[in-house]
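Just below is one structure, and these are the notes that go with it.
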Amino acid sequence: MAWGVARLRLTRAVDRVPLALGATPNYYGTMNTVIAFAWLGTALIAGKLMRKAVPVFRRLFVPSSILGGLLLLVFGSDVLGAVSGVHVFSPNVRDIWGGIPGFMINIVFAALFLGKSLPKISEIWRKAGPQIAFSHTVAWGQYVVGFGITALILIPLFSVEPMFGALIEIGFIGGHGTAAGLGEAFAELGWPEGQDLALGVATIGVVMGIVTGIVLVNWGVKRGHTAIIKTTKRSEQEMAQAEDTHETVEDELVNDGKTDAPGTPLVEIESMEPLAFHLAYIGAAIGVGALILSGLTYLETRLLLPLGAPVLLGHVPLFPFAMIGGIIVEKLHHKFFHGSLDRVLIVRLQGASLDLLIVSALASLTLSAIADAWLPLLILVTVGILWTVGAFVILAPRMMRTHWFERGIGDFGQSLGVTATGLLLMRIVDPENDTPALEAFGYKQLLFEPLVGGGLFTAVSAPLVFTFGLVPMLLTTGVVTLGWLALGLYLGRGSK
């Protein structure tokens, strides 16, 4: 009791210091922002140290941003605060963290196609057609099994929201970035806990993507499905090497299969810092995306809503349109400037934004939402994993006749975790890129990410269920899945 009174008096005394020094009320808002950012930086460093100190985190390739975010979560009000009554972070700081993901996700998606030399669609399809069909089959199938299990079991037994079924694709393929970026959309739809649940699914997916991926690699080696790695001992060696070089694995796919050749620098340092110049392009891409979304929303309000149509675009977040804005800005850049944007620099800005997004999203996670729905969430995640594993084992060899394992394992890793998970699994089974797997994976991204895996449909999936209902969306995604499946099986007859 005495300690509690003393702590309260000390806190009040410290709070009065800035006013005594002549600080304005705005000082507190600024200081909260500074403190929030300082904690995020500290958490990222702590996550890096945890990853270095605990071997299992390295073996599972858990990013430092996830470890740092979980560390802040443990010291937050939902864990330490609930157990001991000690609140390390103020509610204002948590509010600031909660607002970061919705902003950072726009940077992540605006940067997707900046600095890329986009090939023709015919070239993409020629090199990666079967892989495109397979990845789409898996992604749309995750909606089908999610919506189906929600309609048949989860709603009757647990009274979950119909949008619950969209969490598999949003959390698994979309990942932490998409899950966090959809927070505002979930809130507008009257289901704010959807963000917390999607982040939970994404966290499980990162771990299970590696765990099940390694199991499948060993199975594939023993069954003779791998073309390069022929012994489990060799796969273990490649696994250890991948563990040591995980930091640079995504550099192999900086441009998803196609990188602009370096040219004359676009801007001199004395004119503008190159980092600021490239960040300006990202800002312009977001601005173009905002104009597109605003225009579409205006047309919906003026033309469709008076006719009785339900609100749809009003619930759609900005980030998929920021991606479209990036494509437009990239095209305009090549029309008016000579030279290419530095893709590596763009990716570094994108990666930094994603790290800040993940750590802040997990730090502001509300565990009560996950605790209240842990059983239906477990059922949903289990069904999603079973579908993804089954699709890889059964469909991949029929859609990609040659090097199907090396090609499919990358899509499998991405379908449960993130792109880096798929790349790591591909590196284990094809360390020298002797098969067409890496190139096909890169080309596939160009016709995959704009739609699912965080693309346009991922962003509108929850609003579509909210607007049109679960059964119509189950039927729609079922038809799309069957279409991709049939196309993939047809292309698989002559794939190389």
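Brief remarks follow.
- Pairs meeting the criteria (first residue in the range 392-418 and basic (Lys, Arg), second residue surrounded by fewer than 24 Cβ atoms within 10 Å (Cβ to Cβ), beta carbons under 7 Å, at least 6 apart or on different chains) are ARG398/LEU489; ARG398/GLY492; ARG401/GLY492; ARG401/SER495.
- Condition met for GLU432 (more than 20 Å from LEU67 (Cβ to Cβ), surrounded by fewer than 18 Cβ atoms within 10 Å (Cβ to Cβ) and out of contact with any Gly (no Cβ under 8 Å at 6 or more places or on another chain)): yes
- Meets criteria (of a type in the set (Phe, Trp, Tyr) and without any contact (Cβ under 8 Å) to a residue 24 or more places away in the chain) for TRP125: no
- Output for the range 374-415, where each listed residue is assigned to a helix (DSSP H, G or I) and β-branched (Val, Ile, Thr): ILE379, VAL381, THR382, VAL383, ILE385, THR388, VAL389, VAL393, ILE394, ILE409
- Picking from residues in the range 324-353 that are within 22 Å of the chain's Cα centre (by Cα) and more than 28 Å from SER294 (Cα to Cα), the one that is surrounded by the fewest Cβ atoms within 10 Å (Cβ to Cβ) is VAL344.
- Some residue of the range 113-126 being within 24 Å of the chain's Cα centre (by Cα), at pLDDT below 90 and part of a helix (DSSP H, G or I): yes
- Odd one out for PHE61, checked against (1) surrounded by 15 or more Cβ atoms within 10 Å (Cβ to Cβ); (2) free of Cβ contacts under 8 Å to residues at least 12 places away in the same chain; (3) not aliphatic (A, V, I, L, M): (2)
- For the range 50-68, a residue qualifies if it is closer than 15 Å to THR203 by Cα, of a type in the set (A, V, I, L, M) and not in a helix (DSSP H, G or I), and the qualifying residues are LEU60, VAL62.
- Which numbered condition LEU365 fails, given (1) of a type in the set (A, V, I, L, M, F, W, C); (2) over 22 Å from the mean Cα position of the chain (by Cα); (3) outside any helix (DSSP H, G or I): (2)
The values are calculated or read from the model by the stated rules, or taken from the named source; none is laboratory data. Computed from a predicted model, the values in this text were never measured in an experiment. Using ideal geometry, Cβ is built from the backbone for each residue, glycine included, and neighbour counts are taken over all protein chains shown.
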